[in-house]
1. Which residues, counting only those in the stretch 339-386, are among the acidic types (Asp, Glu) and under 24 Å from the mean Cα position of the chain (by Cα)?
2. In contact with a strand residue (DSSP E or B) (Cβ under 6 Å, 6 or more places away or on another chain) and surrounded by fewer than 17 Cβ atoms within 10 Å (Cβ to Cβ), is that true of THR115?
3. Kindly indicate whether any position in the stretch 795-805 is on the phi > 0 side of the Ramachandran plot, surrounded by 10 or more Cβ atoms within 10 Å (Cβ to Cβ), modelled with pLDDT of 95 or more and not acidic (Asp, Glu).
4. Being of a type in the set (A, V, I, L, M), part of a strand (DSSP E or B) and closer than 18 Å to LYS194 by Cα is the filter here; which residues of the stretch 241-263 pass it?
5. Of all residues in the stretch 749-763 being crowded, with 20+ Cβ neighbours inside 10 Å and without any contact (Cβ under 8 Å) to a residue 60 or more places away in the chain, which is nearest to SER775 (Cα to Cα)?
6. All but one of (1) in a helix (DSSP H, G or I); (2) without any contact (Cβ under 8 Å) to a residue 40 or more places away in the chain hold for GLU129; which doesn't?
7. Would you please name the residue that is farthest from ASN323 (Cα to Cα), looking only at residues in the stretch 504-526 that are touching a residue at least 40 places away in the same chain (Cβ under 8 Å) and buried (at least 23 other Cβ atoms within 10 Å of the Cβ)?
8. What number goes with the only condition from (1) basic (Lys, Arg); (2) touching a residue at least 12 places away in the same chain (Cβ under 8 Å); (3) surrounded by fewer than 20 Cβ atoms within 10 Å (Cβ to Cβ) that LYS105 does not pass?
Amino acid sequence: MVENLDDGSRHLFKVTFNNKAPKSLTGVNWKIYFFSFFIVESKHILSKDGLYTKPEGYTLPNVNLKVMHENGCLYSMTPTTGFKELPQNGTREITFYAANWAVSKTDIPPNWYITADGLNARVIDSTKEGFVGEFTSAKQWKRKKEDKYDPYSPMSRYQRYKTTNTNVQMKMVIPTPKEITNLDISKLLNITGKVTIVHSGLDNEASFLTDKYSFDSSTTASTNGVNIYLSINNTILSAEGYSLTVNPSAKTVTIYGKTNAGVLYGVQSLLSLLSHGLSIPQMEIRDEPRFEFRGMFIDVARNFISKTVLEKLMDSMAMYKLNKLHLHLADDEGWRIEINGLPELTQVGSKRCHSNTEDVCLIPQLGSGPDTTTSGSGFYSIQEYKDILSYAKKRHIEVIPEIDTPGHARAAIIAMEARYRKFSNTNNMEAEKYRLIDPDNESKFLSVQYFKDNAVNPCIESTYVFIEKVVSELKGMHTDAGHPLNIYHFGGDEVAKTAWVNSTKCDQLNLNFSGDAASIRNELKNYFTKRVANITFTHGLNMAGWEDGFNAGDGMPFHISMYQNQHIYSNAWDNVWEWGEARRAYNYANAGYKVIMSHATHLYFDHPYEPDPEERGLYWAPRFTDSYKSFRFLPDNLYENIDVTRMGVPLSKSEVCGANDKKCPALQKPENIAGMQGHLWSETVLSEDNFYYMIFPRLLALAERAWHKASWENVADKTKRTMDMDNDWDSFALTLGTKELNRLDSIGINYRVPPPGGSLDGDEIKPNTAFPGLSVEYSTDSQTWKSGTIPYTGSPVYLRTKSADGKRTSRVVQFSPITSSAQLIQMSITTVILCSVLLYIFLLKD
């Protein structure tokens with residue numbers, strides 16, 4: 001990455017070719033495919049309205065290479081007449097412009113590949129990993145002039161981690177219980193020796209204890225050991241509430257829940273107490289969740305996530321009392337669920353590979369390469385999906401399947417086109433039955449992710465026959481697994497404005513379209529959502545969608561009365577403050593929708609943890625989101641979260657909301673805020689380790705806010721609120737560093753280990769960590785690592801944080817002379833003196 005242009009319109013990157021083959025590379029019959037999240041040479045390929053001016057591509061001057069946008073994030077370069085051959089050991093540099101900016105190494109996906117006559121498509125080895133050059137200057141890591149973000153140095157990180165709280169107390173349980181009383185740490189119950197779990201009909205909930213510890217399970221109490229009582233108690237008001245009493249003198253632990261789920265949450269709190277030692281103090285806990293909906297969204301469509309990884313995720317969700325797993329099963333880049341009777345969905349739609357016809361797979365995207373061996377390919381069989389449902393049921397987690405339509409539907413469209421071709425010569429009625437496009441639709445468009453063919457047509461009956469089939473099959477799988485389907489999520493987001501403007505089938509609907517392309521799109525979305533809602537209602541289901549799927553315009557939703565379902569859920573995600581759509585969350589709740597707070601600025605875990613090119617993730621909403629930012633989200637007071645623009649420029653509430661808060665409507669129906677959810681979109685998640693890295697430990701901050709409303713959230717004075725919140729964070733961070741990260745280690749979750757901070761104190765470097773309790777190692781050669789006091793002699797010192805179990809480390813950061821605080825001060829003093837001398841000389845000359 002060479003540089004971002006100051007106006008933010010495009011960036012320049014350079015590709016260096018080094019021919020290591022024993023012969024020259026000529027300009028005959030080869031093509032290199034590569035990936036970019038931003039459209040390449042948009043100035044030459046696209047018109048101002050986003051349509052193609054040169055669909056055949058653009059030939060780069062001087063090098064005779066033609067660049068073409070294939071589809072989505074896939075591009076190609078191929079030689080044209082006049083290409084100058086590249087000799088053996090020769091090197092050639094080629095530069096491209098791409099739209100917007102690139103400030104992260106993951107902006108350029110890996111696995112570029114080459115095709116040629118007589119050669120199977122194959123990945124160019126040097127692009128598999130680590131092929132993006134270093135970001136060494138501000139023109140590379142800043143998006144435009146007003147971008148306030150720089151990568152953190154150890155010193156700036158030290159200041160971020162530093163606490164002034166001299167009395168930090170570890171939390172006994174995360175998420176924090178609503179009430180802990182009768183606490184006496186001088187009276188301990190030792191849960192050792194003979195321990196009996198006493199219950200009737202709560203085998204599932206008891207198993208979480210017996211699987212971890214060698215406790216007995218019985219319907220009768222033991223007379224000579226510790227008894228842990230589990231039971232249902234209708235005096236507890238909240239459906240998921242529980243009470244937990246530790247009585248050392250009676251040698252008992254008693255857990256009551258109104259429901260089995262409540263009992264499980266009490267058991268999870270007991271497991272949390274035991275994780276720090278088998279002696280626990282006398283106490284009484286009365287607890288219940290803040291929100292009924294406490295979710296985690298996982299995009300398995302862009303990059304596939306295996307069943308075993310999802311199961312491990314659900315283990316952690318149960319530990320921290322999250323109860324909704326929203327699975328994004330279909331998008332442009334992949335279809336991930338087997339549907340009985342539609343084998344093409346998985347035979348074609350679940351795989352990405354190099355293909356000219358897409359009869360056997362989708363074209364590669366997001367760095368998946370030319371074959372099906374990467375995370376670009378995969379699906380859950382019917383049995384595997386049932387296994388996921390059974391696993392979730394045991395943990396009282398509701399699985400919400402999402403099939404994204406009408407936009408983001410390319411995988412389904414291509415799969416059903418393959419089906420159409422299979423039947424078209426023998427049975428035209430069967431061929432047309434599940435077709436999702438109108439072949440006479442001449443509308444030209446590009447989606448947000450640069451797809452030109454990803455919108456199903458809402459004006460043909462086969463679209464709804466397909467949706468009815470999918471909903472029916474999903475419902476059947478849920479029923480078979482004993483995990484009834486309650487909510488079907490239809491997606492609905494990011495439909496291109498001009499997707500249907502020239503569709504003859506849509507003209508024939510006679511919907512009395514008026515206005516521009518966006519208005520036509522909204523009217524057709526209205527029609528589409530009502531049709532899908534009717535299908536779900538027929539099956540006795542509630543329906544959910546992303547907020548833009550219900551957007552009627554001007555921040556308002558379609559009228560709720562048009563839907564027959566008991567509840568319509570809307571994920572409110574778009575709160576990039578300067579875009580002005582944060583109002584939709586409260587407008588929709590006031591209109592009767594059940595709103596799930598899904599806000600991108602605080603709850604999108606696909607964003608980087610730090611504003612650093614080395615950190616994985618996209619950054620279209622905030623530049624970064626760390627655990628601290630998710631922890632301080634105020635779901636009950638949305639506009640108090642207003643902080644900065646995407647560029648980090650401070651924003652006030654008045655700037656966003658306008659006079660009399662006109663752009664920030666008040667919440668009139670708080671009962672319609674159903675809950676909140678964290679999100680992992682998977683564009684840059686190419687492995688299991690990437691998956692865990694992006695979700696953890698942010699998931700714990702999500703769980704804290706979704707379950708527990710902190711007292712500081714109600715403090716009106718912002719300064720006082722921030723101080724109280726920081727004190728609470730200090731306790732939360734200490735609890736993670738000393739207990740909770742170890743628990744994640746114990747179940748095999750490779751969470752992100754944050755790099756350390758460092759401050760110069762005389763001839764020593766004083767380190768600290770985001771989560772106190774984690775240790776820091778140092779090295780002077782980045783090879784030999786030591787613990788203990790870190791000496792500083794003026795030469796670079798390398799630092800890294802160790803995981804709680806000591807088996808992994810953070811990325812390495814350098815504490816160097818030019819970045820030490822003392823030297824920065826000295827440099828500043830020297831600069832001031834030099835400037836003063838120069839000014840004095842100038843005045844003398846004058």
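1. Within the stretch 339-386, GLU384 is the sole residue that qualifies.
2. no
3. No, the stretch 795-805 contains no residue that is on the phi > 0 side of the Ramachandran plot, surrounded by 10 or more Cβ atoms within 10 Å (Cβ to Cβ), modelled with pLDDT of 95 or more and not acidic (Asp, Glu).
4. VAL246, VAL253
5. VAL753
6. Single failed check for GLU129: (1).
7. Per the stated criteria, the residue is CYS506.
8. Single failed check for LYS105: (3).
The values are calculated or read from the model by the stated rules, or taken from the named source; none is laboratory data. Nothing here was measured: the structure is a model prediction, and the numbers come from that model. Ideal geometry is used to build each Cβ from the backbone, glycine not excepted, and the neighbour counts take in all protein chains shown.
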